[in-house]
1. Among the residues that make up segment B:302-311, is at least one of them part of a helix (DSSP H, G or I) and within 13 Å of chain A (Cβ to nearest Cβ)?
2. Tell me whether segment B:379-395 contains one or more residues that are aromatic (Phe, Trp, Tyr), within 25 Å of residue A:70 (Cβ to Cβ) and out of contact with any helix residue (DSSP H, G or I) (no Cβ under 6 Å at 6 or more places or on another chain).
3. With (1) over 30 Å from residue A:37 (Cβ atoms); (2) under 23 Å from the mean Cα position of the chain (by Cα) as the list, and residue B:380 as the residue in question, which single condition is left unmet?
4. Considering only residues of segment B:336-353 that are among the hydrophobic types (A, V, I, L, M, F, W, C) and surrounded by fewer than 20 Cβ atoms within 10 Å (Cβ to Cβ), which is farthest from residue B:364 (Cα to Cα)?
5. With the condition kept exactly as written, say whether any residue in segment B:287-298 is more than 10 Å from chain A (Cβ to nearest Cβ), in contact with a Lys or Arg (Cβ under 7 Å, 6 or more places away or on another chain) and of a type in the set (Gly, Ala, Ser).
6. Collect the residues in segment A:13-52 that are within 12 Å of chain B (Cβ to nearest Cβ), over 22 Å from residue B:356 (Cα atoms) and not hydroxyl-bearing (Ser, Thr, Tyr), keeping them in residue-number order.
7. For segment A:155-175, what are the residues that are hydroxyl-bearing (Ser, Thr, Tyr) and within 14 Å of chain B (Cβ to nearest Cβ)?
8. If residue B:189 meets every condition in (1) in contact with an Asp or Glu (Cβ under 6 Å, 6 or more places away or on another chain); (2) more than 12 Å from chain A (Cβ to nearest Cβ); (3) among the polar types (S, T, N, Q) apart from one, which number is that one?
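The values are calculated or read from the model by the stated rules, or taken from the named source; none is laboratory data. Because the structure is predicted, anything quoted here is derived from the model rather than measured. Cβ sites come from the backbone with ideal geometry, for glycine too, and all protein chains shown count toward neighbours.
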Amino acid sequence: MAKAGSSPGGDCDYIFKIIVIGDSGVGKSSLTVRLSEDVFYKDYASTIAIDFRMHQMQYMDKRVRLQIWDTAGQERFQSVATAFYRGANGVMLCFDLTHRPSFQHLEQWVERVKQQALPGIPCLLIGCKSDEARDNRQVTNDEAIAWAKQHNMFFIETSAKEKENVQQAFQQITKSIFEDMKDRNGKNLPTAREGSVNLEGQANHKEKKSCC
Amino acid sequence: MLSTLHAEEVHVGGANITSTTGRRFRVDMGTGTASRGDVVRVSEAQGEASCASHPSDQPVFSMEEYLPCFDSFGFRVTQDEKILEQQYARAHPTPTATVRKWQYVLQHWNDTSMEIKKKLCRQGIPQQYRKQAWSRFLLGGSGKRSRHKGGEGGSYTDYRDAPLADRQAGDIIERDLDRTFPTHQLFETGSQGAGQRQLRNILRAYVNYNPQVGYCQGMGFLAATLLLQIENEENTFWCFCGLMEHEPYEMKHLYQTGFPGLHMHFFVFERLLQQTNKKVYQHIHDDHNINSSFYATHWFLTVFTYYLNFNLISRIWDRFLCEGWKPVYRIALALLKMDRALLLSQNTETGVLLVLKSIQENKDPSNMLKISQQVKFKTSFVNKVKRDYTASLNNEKQ
């Protein structure tokens with residue numbers, strides 16, 4: 001119980017819920033485990049349906065707690081993920097730099113985000129396995145950037161194995177969520193997502209979240 | 001540090017050894033000291049523990065340190081864990097009477113009442129008889145139940161060798177082979193060993209056997225569990241079919257598109273939790289809006305094979321294969337019961353979620369099994385809840 005017992009309460013100013021999506025085996029779990037536990041597992045079991053991870057970070061002068069929902073890549077599990085899309089404040093859309101089909105499937109993933117998540121939700125495109133891409137790259141940096149631009153996202157290449165850009169990726173999505181929050185408050189958009197089962201509680205874009 | 005851990009683990013029953021996923025092993029590749037394929041530094045979730053226990057004055061890079069150790073089922077463990085397992089086995093030999101009872105039951109399978117089988121399975125099937133006993137449960141008494149679907153099924157090799165109509169299923173199977181029991185010597189990551197080949201064959205064959213259900217992530221853990229006990233590939237395939245297709249297991253309903261069977265189990269489990277552990281139910285579900293799909297999905301989809309130690313998995317499956325889903329609910333309820341105080345002391349959603357996430361870790365197996373038997377509820381109640389669930393679905397449709 002060491003992990004759970006290590007005071008999961010703690011202090012924070014904001015709680016953001018982030019859903020991590022993308023094809024099976026692109027490296028979603030490795031990315032989130034590197035962030036939350038700072039390790040890389042060479043032998044990691046497939047994620048079944050959904051997994052939860054937590055990360056506490058500092059953004060500017062704010063203490064932010066990220067609730068990260070790591071999803072299974074197989075399409076069939078998308079029906080299980082619906083509740084998590086609805087409650088999310090940000091999306092990390094992942095593909096494998098060494099596996100072109102996972103890049104080609106991005107359109108389908110974006111479509112799901114449009115259907116299930118808050119309209120205009122901040123998204124970040126992540127090219128995983130940049131270490132392996134040194135020898136076996138199947139998606140160029142330029143085309144990934146172009147795709148991200150077209151879909152109004154930032155793009156970042158990460159390596160969970162070599163600890164490259166992992167923190168930066170989560171800093172970036174946090175930044176985007178803060179900016180999005182500002183925008184929404186400015187334009188006075190509706191904030192509480194009624195009917196968002198399960199996850200609504202603290203996942204409110206408008207109000208400052210007091211979590212503890 | 002190690003000696004304390006050691007003493008505690010002996011005290012708790014010795015089988016609290018490792019998990020099937022290897023998630024307790026941290027392989028730190030961020031240090032740049034190890035290259036891919038080499039043996040890398042392995043440290044346990046709580047403190048350092050290498051495969052060979054070495055006093056700190058010994059050289060750090062002794063070869064001995066890197067010799068892999070495996071438990072009796074073939075999972076990679078630390079040397080301390082290996083010693084614990086051996087000590088436990090020596091301290092708890094299977095009683096001769098139990099062995100004789102099982103010999104008798106296997107010879108008189110159809111004449112042995114369910115009550116007797118249930119009683120014996122709750123005590124645990126001796127490992128040497130699991131292969132036979134599990135096959136009997138899964139294939140029916142005659143051992144032929146699944147072999148022919150609707151009387152005109154094909155042979156195993158037909159199903160295995162036919163091209164897959166669903167190419168995507170084939171791709172996902174390939175990607176999952178490395179990630180199913182990755183710490184087992186037969187399935188080890190990057191090994192492309194015998195276990196991975198057999199697993200591929202079985203999973204592909206099932207896609208052809210029941211294309212409507214096809215392949216879904218999680219099935220691999222079920223098939224691999226059976227493969228480790230049944231051993232023979234073809235027999236494992238038919239046992240897997242029994243598990244997916246037949247009462248009382250019918251796991252195909254859990255994996256079908258939309259996961260109808262899984263949602264049914266969630267519904268039943270939540271009602272049982274409400275009934276047997278109201279405070280915890282209210283805390284998790286009402287106060288923090290966390291429903292069972294957040295934490296119990298892999299409990300049901302993989303029947304606890306995703307996390308637990310394989311010895312414990314086998315004990316749970318002895319009961320599951322004999323009795324059906326009731327023991328699975330019991331184990332799930334026992335987990336929450338064991339961590340009741342810890343759960344209730346959490347006052348944030350994140351806190352509750354983190355406890356739930358690691359709730360299957362560091363539990364004493366014999367205690368867990370014992371507590372699960374103390375969770376009381378009636379089969380008639382479960383059946384009523386199932387009827388309520390079906391009725392509520394029908395109402396929704398109308």
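1. No, segment B:302-311 has no match at all.
2. no
3. (2)
4. It comes out as B:344.
5. So far as segment B:287-298 goes, no, none of its residues is more than 10 Å from chain A (Cβ to nearest Cβ), in contact with a Lys or Arg (Cβ under 7 Å, 6 or more places away or on another chain) and of a type in the set (Gly, Ala, Ser).
6. Selection gives A:23, A:25, A:26, A:27, A:40, A:42, A:43.
7. A:158, A:159
8. (2)
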